[in-house]
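A.B. asks: Below is the structure I would like to discuss, written out as structure tokens.
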Amino acid sequence: MTKNNIKELSIQVNLNGLSFCILNRTSNTIEFLNSISFHHKLNPFDVLNRLKTELSANSIFSDEFDAVTVIHQNELSTLVPKELYDENNKADYLKFNTKILKTDFITYDDIAVNESVNVYIPYININNYIFETFGEFTYKHSSTVLIDSVLQKTIKSNNANVYLHVNSSMIEISVIENEQLQLFNVFEYHSKEDFIYYVLFVFEQLKLYVETTIIHLSGNIDKNDELYNLLYTYVRHVEFEKLNFSYNYSEEVSSDKLHHHYLILNTF
């Protein structure tokens, strides 16, 4: 007996919220797409409890999935050129930009598009629970997905392009010039002043021109937001990232703000 539908589940995890997406490969339809924001930043233990609650509260997650992917979104990562990478030195690469505990599990993703290795700390308690619940699954770091997606579709341009993915308290910034990744960094912000400071700091460090450089926006930001208005005050060209997906969307999925779900939609 052949199965009628091939379905894939993607789960995005950070300490500020959770996102879920279900793709029906057979009909090429996004059947479920939902994000939950926490009122404040939680610890990994509390995030796991919220994840358990969400998965048990909706019967759609009891379907059989042909593939499950977990995206870990945090600032605990660093990029290393593949030719310089030595797996025995994982902790050494990370310790320069994040605090590492002896108990931390360190892993890495290969980013083939620019021959780099992304070293990071996943939420291992989340991974253990997903394995217990769904069996075999794939996991990646959010920056792996973001870097891969912007480099795969980068158009030939002599000018630098800035890709800004916005979370409720974190921004992930990629800068692409001449089809090469010039910078990827993550900044935690607590106010709109922090937010614009970090963006302009990147412009200053890479000597980018606010009059000509385009910022491509995705994530938790809209045109009527204070952060958008602040960006537009300082940078002339700000536009929302175009999503060139060929998916159909079920009636339950709101497709008017797909840039909010840019990261999770790029996991398939």
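The values are calculated or read from the model by the stated rules, or taken from the named source; none is laboratory data. Keep in mind that this is a model prediction, so the values were computed, not measured. Don't worry about glycine lacking a Cβ; one is built from the backbone with ideal geometry, like all the others, and counts go over all protein chains shown. Surface accessibility is based on the protein's heavy atoms, side chains included, excluding ligands, DNA and RNA. Shrake-Rupley method; radii C 1.70, N 1.55, O 1.52, S 1.80 Å.
A.B. asks: At 0.36 nm per residue, minus the direct Cα-Cα distance, what do residue 225 and residue 158 gain on full extension? Give it in nm, one decimal, please. Could you put the intermediate results ahead of the total?
C.D. replies: On the way: separation 67, 0.36 × 67 = 24.12 nm, distance 3.04 nm.
So the extension gain works out to 21.1 nm.
A.B. asks: For the range 123-215, what does the convex hull of the Cα positions come to per residue, in cubic angstrom?
C.D. replies: Value for the range 123-215: 113 Å³ per residue.
A.B. asks: Here's a follow-up. Taking every pair of alpha-carbon atoms in the range 150-268, what share in percent sits in each 5 Å bin, from 0 to the bin with the longest distance?
C.D. replies: 2, 10, 22, 24, 20, 13, 6, 3, 1, 0
A.B. asks: Which of 55, 79, 244 sits closest to the plus end of the dipole of the chain, meaning its Cα is farthest towards the positive end, when Lys and Arg get +1 and Asp and Glu get -1 on the C-beta?
C.D. replies: Positive-most Cα among the choices belongs to 79.
A.B. asks: Now a separate question. For the range 186-268, state which GluC sites (Glu not before Pro) are in a DSSP loop and have at most 16 other beta carbons lying within 10 Å of their beta carbon.
C.D. replies: Details: sites: 188, 193, 204, 211, 226, 239, 241, 251, 252; in loops: 211, 241, 251, 252.
Within the range 186-268, the qualifying GluC sites (Glu not before Pro) (loop, at most 16 other Cβ atoms within 10 Å) are 211, 251, 252.
A.B. asks: Pulled fully out, how much extra length does the chain show between residue 28 and residue 194, if you take 0.36 nm times their separation in residues and subtract their Cα-Cα distance?
C.D. replies: 55.8 nm
A.B. asks: I've got another one for you. Whole number in Å², please: accessible area per residue of the range 53-170, 1.4 Å probe, ligands, DNA and RNA not counted.
C.D. replies: 53
A.B. asks: Using DSSP to define loop residues, name the trypsin sites (Lys or Arg not before Pro) in the range 185-241 whose beta-carbon has at most 15 other beta-carbon atoms within 10 Å.
C.D. replies: 207, 223, 236
A.B. asks: How large is Rg over Rh for the range 1-82, taking Rg from the Cα atoms and Rh as the Kirkwood inverse mean of 1/r across Cα pairs?
C.D. replies: 1.05
A.B. asks: Mind listing the long-range amide H neighbours of residue 138? Cut-off is under 5 Å, sequence gap 5 or more, other chains count too, H placed in the peptide plane at 1.01 Å from N.
C.D. replies: 68, 69, 70
A.B. asks: Something else now. Largest first, how would 234, 163, 198, 120 line up by accessible area (1.4 Å probe)? Before the final figure, lay out the partial values.
C.D. replies: Numbers: 234 115, 163 20, 198 60, 120 0 Å².
In descending accessible area the options line up as 234, 198, 163, 120.
A.B. asks: If you don't mind, another one. Pairs of alpha-carbon atoms within less than 8 angstrom and 6+ residues apart define the contacts here; what relative contact order does the chain have, in percent?
C.D. replies: 18
A.B. asks: Let's see if you can work this out: charge +1 on each Lys and Arg Cβ, -1 on each Asp and Glu Cβ, no other charges. What is the dipole magnitude of the range 1-160 about its Cα centre, in debye to the nearest 20? Before the final figure, lay out each step's value.
C.D. replies: Working: 14 positive and 19 negative charges, 79 e Å.
That gives a dipole near 380 debye.
A.B. asks: Let me ask another. Using R₀ = 45 Å, calculate the FRET efficiency as 1/(1 + (r/R₀)^6) where r is the Cβ-Cβ separation of residue 206 and residue 58; round to 0.05.
C.D. replies: Given R0 = 45 Å and the Cβ-Cβ separation, E is 0.55.
A.B. asks: Could I ask something else about it? Alpha carbon centre of the range 113-159 versus the range 1-79: separation in Å?
C.D. replies: 14
A.B. asks: Shifting gears a bit: Taking the range 116-220, how many lysine pairs are there with alpha carbons less than 24 Å apart, if each pair must be eight or more places apart or span two chains?
C.D. replies: Working: 140/153; 153/207; 156/207; 192/207.
Lysine pair count for the range 116-220: 4.
A.B. asks: Could you state the orientation-averaged shadow area of the convex hull built on the Cα atoms of the chain, in nm² to one decimal?
C.D. replies: 15.7
A.B. asks: If the reach is capped at under 20 angstrom between alpha carbons, list the aspartates and glutamates near residue 257, excluding any in the same chain fewer than eight residues apart.
C.D. replies: Straight-distance partners of residue 257: 31, 172, 222, 225, 226, 239, 241.
A.B. asks: Next question. Can you show me the helix-derived [θ] at 222 nm for the chain, built from DSSP H runs with n ≥ 4 at -39,500 (n - 2.57) apiece and divided by the number of residues, rounded to the nearest 500.
C.D. replies: Calculated at 222 nm, the ellipticity per residue is -7500 deg cm²/dmol.
A.B. asks: Apply the Kirkwood formula to the range 32-174: the hydrodynamic radius equals the inverse of the mean of 1/r over all pairs of different alpha-carbon atoms; give it in Å with one decimal. Show your work: numbers first, answer last.
C.D. replies: Working: mean 1/r = 0.0581 Å⁻¹.
For the range 32-174, inverting the mean 1/r across all distinct Cα pairs yields 17.2 Å.
A.B. asks: Separate question: Can you pull out the GluC sites (Glu not before Pro) in the range 85-142 whose DSSP state is coil and whose Cβ has at most 14 other Cβ atoms within 10 Å?
C.D. replies: Those that pass, being in a loop and sparsely packed, are 115, 136.
A.B. asks: Also, I was wondering about something else. Only Lys, Arg, Asp and Glu count, each charged at its Cβ (+1, +1, -1, -1), so figure out the dipole size of the range 212-259 about its Cα centre, rounded to 20 debye.
C.D. replies: Rounded to the nearest 20 debye, it is 280 debye.
A.B. asks: Same structure, new question: Determine how large the accessible area of residue 92 is when every protein chain is in place; take a 1.4 Å probe and give Å² rounded to the nearest 10.
C.D. replies: Here the accessible area works out near 60 Å².
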